[in-house]
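Notes follow once the structure below has been shown.
The values are calculated or read from the model by the stated rules, or taken from the named source; none is laboratory data. None of these values were measured; they are calculated from a predicted model. Virtual Cβ from ideal backbone geometry, glycine too; neighbours counted across all protein chains shown. Heavy atoms of the whole protein, side chains included, go into the accessibility calculation; ligands, DNA and RNA do not. Shrake-Rupley method; radii C 1.70, N 1.55, O 1.52, S 1.80 Å.
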Amino acid sequence: MPTRSAAAAVLLAAAAFTAGCSSNSGSTAKPSPPATSAQPSSTAPAVDPAAARKACVDAVSAIPADGNGQVPSEPVPAACKSLSDSDYLDAYTDGIAKSNEAGRERLDHATWDAAWDSLGRDTQADLCTAFQTGLKATGGLAHDEAQYFRDNKC
């Protein structure tokens, strides 16, 4: 990322060096007014910071962990290149958290599927009847597990 900062400094220095360098020798035409920096550049579209951050979080969350469970921060995903170092670090940690949450959810669903499959048909039917009558959780079922059964099994 320091390369970006150095490149920006070089471009700024070059722009300052060449500013005002034009040849009007022998010309009687009035010089055109200087361009203002308020006009948007047609070559680089404006980047919405929130959208760029979300794209980076999504990109980081899609990076697979290595054999030790580590997600590399380098190379920086293309979706993150417009972020500052600090913003990238924040998006990186949020991307890891998002990936971890998705992994926990997949594990919960696999565990709950196995638990449901281990129940007898009569018990499954009794649970579905209880859920249909408005019961949120029953017996030793946690709320999330009961909701999963109600939404996906009954």
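Restricting attention to helices (runs of 4 or more DSSP H) lying wholly within the stretch 78-154, give those where 3 or more residues are out of contact with any Gly (no Cβ under 9 Å at 6 or more places or on another chain) and of a type in the set (Ser, Thr, Tyr). Before you say what the answer is, go through the steps one by one.
Working: elements: 85-118, 121-132, 143-152.
Filter on the stretch 78-154 gives 85-118.
Which count do you get for residues in the stretch 114-127 that are more than 13 Å from Cys154 (Cβ to Cβ) and open to solvent by 100 Å² or more (accessible area, probe 1.4 Å)? Walk me through it before giving the result.
Within the stretch 114-127, the first condition is being more than 13 Å from Cys154 (Cβ to Cβ), and the residues that meet it are 114-115, 117-118, 120, 122.
Narrowing further to those that are open to solvent by 100 Å² or more (accessible area, probe 1.4 Å): 117, 122.
Selection size over the stretch 114-127: 2.
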**OP:** Determine whether Gly67 is modelled with pLDDT under 95, under 29 Å from Lys153 (Cα atoms) and among the small types (Gly, Ala, Ser).
**Re:** no
Original post:
Residues of the stretch 85-113 being in contact with a Ser or Thr (Cβ under 7 Å, 6 or more places away or on another chain) and of a type in the set (Val, Ile, Thr), which ones?
Top reply: none
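Quick one: would you say Ala130 is surrounded by fewer than 13 Cβ atoms within 10 Å (Cβ to Cβ) and over 30 Å from Ala46 (Cα atoms)?
On the way: surrounded by fewer than 13 Cβ atoms within 10 Å (Cβ to Cβ): no; over 30 Å from Ala46 (Cα atoms): yes.
No.
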**OP:** Scan Ala102, Ala110 and give me the residue that is closer than 16 Å to Arg150 by Cα, open to solvent by less than 90 Å² (accessible area, probe 1.4 Å), aliphatic (A, V, I, L, M) and more than 12 Å from the chain's Cα centre (by Cα).
**Re:** Ala110
Subject >> Neighbours by Cβ (under 7 Å, 6+ apart or cross-chain): first from the stretch 64-83, under 15 Å from Asp48 (Cα atoms); second assigned to a loop (DSSP other than H, G, I, E, B) and among the basic types (Lys, Arg) >> reply: none
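From Tyr88, Tyr92, Tyr148, which residue is surrounded by 13 or more Cβ atoms within 10 Å (Cβ to Cβ), under 29 Å from the mean Cα position of the chain (by Cα) and farther than 28 Å from Asp48 by Cβ?
Values: Tyr88 fails: farther than 28 Å from Asp48 by Cβ; Tyr92 fails: farther than 28 Å from Asp48 by Cβ.
Answer to the selection: Tyr148.
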